[in-house]
């Protein structure tokens, strides 16, 4: 199989996100549903949700653990927040799939997992939502755990899922030591993409994006400062926001990785190569996307 194609300005220019007509309204730019965080990492919801809007999505909904719904509604005035069943530890329970089913069906993109740390309930919730159909979905963090445990359920979505693991999560996904992932990241990403028939974004200094048929792209030159708490939550939101705008999942993944990296580069130039915060990426996303030609 061929080597990955490098993500370059020329590639992005030829594959830019859909333009926004001058007379468009928020409905035209699509709706994102965010299922993220929990009592211990509630801020992940805000990072992911804000990133989706910064990427150009028009409307935002959040499915929140019942105990956090009021607080998130106040913290995120741009969103409609729906209270859903929660686990004893304050994360979304698998039963939230039934509560949020109508919201999922009415959205153009969904993202599940950023900031979730309970593998079992997050993984089962992801599988239930995947089986229910609905829009393309970005799956991150603990929500990844259910997909490789039962990849046939994920594969039924035929390329509408975007999985965003780092090397450690990929190791758990395919049952190999992390050192094996680092030794052959492309082969491992292709293995996961084929098993789940999903787009896989294997995050790292050189980030790989692999389609279900094994076609691959690589974004090189990642800034060290992007390896910081919450950065992956921002990336998941950017990809979901681009899908809501009308990008195919693999296109949104390539563009999302590039925009996320460019936002980090802008912060590196303005602040320092290290020490900036994930929440500071949010204000750089829209300018970064515009610089890359995706406004």
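Find the all-direction average of the projected area of the Cα convex hull for the range 208-283, expressing the result in square nanometres with one decimal place.
Details: hull surface 20.0 nm².
Result: a mean projected hull area of 5.0 nm².
An oblate overall shape is assigned to the range 148-295, the ratio a/c of its alpha-carbon gyration tensor axes (a ≥ b ≥ c) being 1.5 or greater and a/b not exceeding b/c.
So for the chain: antiparallel DSSP bridges make up what percent, rounded to the nearest 5? Counting only bridges with both partners in the chain, antiparallel ones make up about 25 percent.
Residue order for 219, 260, fewest other beta carbons within 10 angstrom first, comes to 219, 260.
Work out how much length residue 182 to residue 205 would gain on full extension: take 0.36 nm times their residue separation and subtract the Cα-Cα distance, in nm to one decimal. Spell out each step's value before the answer.
Numbers: separation 23, 0.36 × 23 = 8.28 nm, distance 1.12 nm.
Taking residue 182 through residue 205 to full extension adds about 7.2 nm, to one decimal.
Taking R0 as 35 Å, what's the FRET efficiency between residue 20 and residue 131 from their Cβ-Cβ distance, rounded to 0.05? Before the final figure, lay out the partial values.
On the way: r = 33 Å, r/R0 = 0.94.
Efficiency, rounded to the nearest 0.05: 0.60.
Among 203, 178, sorting on how many other beta-carbon atoms sit within 10 Å of each Cβ, with the fewest leading, yields 178, 203.
Residues within the reach of a label modelled at residue 88 (point 7 angstrom out along Cα to beta-carbon, backbone nitrogen below 20 Å), restricted to the range 115-144, are 116-125.
The range 227-295 and the range 67-126 have their alpha-carbon centroids 23 Å apart.
Write down Rg/Rh for the chain, rounded to two decimals, with Rg from the C-alpha atoms and Rh from the Kirkwood relation over Cα pairs. It would help to have the intermediate numbers written out before the result.
On the way: Rg = 17.3 Å, Rh = 18.5 Å.
Here Rg/Rh amounts to 0.94.
Please list the equivalent ellipsoid semi-axes of the range 106-188, computed as the square roots of five times the alpha-carbon gyration tensor eigenvalues, in descending order and whole angstrom.
Numbers: eigenvalues 98, 35, 25 Å².
Those come to 22, 13, 11 Å.
Label sites at residue 102 and residue 167, each approximated as a point 7 angstrom past Cα along Cα to Cβ, lie 4.7 nm apart. Contact order for the chain, expressed relative to its length and based on alpha carbon pairs under 8 Å spaced 6+ residues apart, stands at 21 percent.
Out of the DSSP beta bridges found with both residues in the range 45-159, what percent are antiparallel (nearest 5)? Here the antiparallel bridges make up roughly 10 percent for the range 45-159.
Computed from the coordinates by the stated procedures, all read-outs in this text should not be read as laboratory data. What you see is a predicted model, and the numbers here were worked out from it, not measured in a lab. Backbone-built Cβ (ideal geometry, glycine too); neighbour counts: all protein chains shown.
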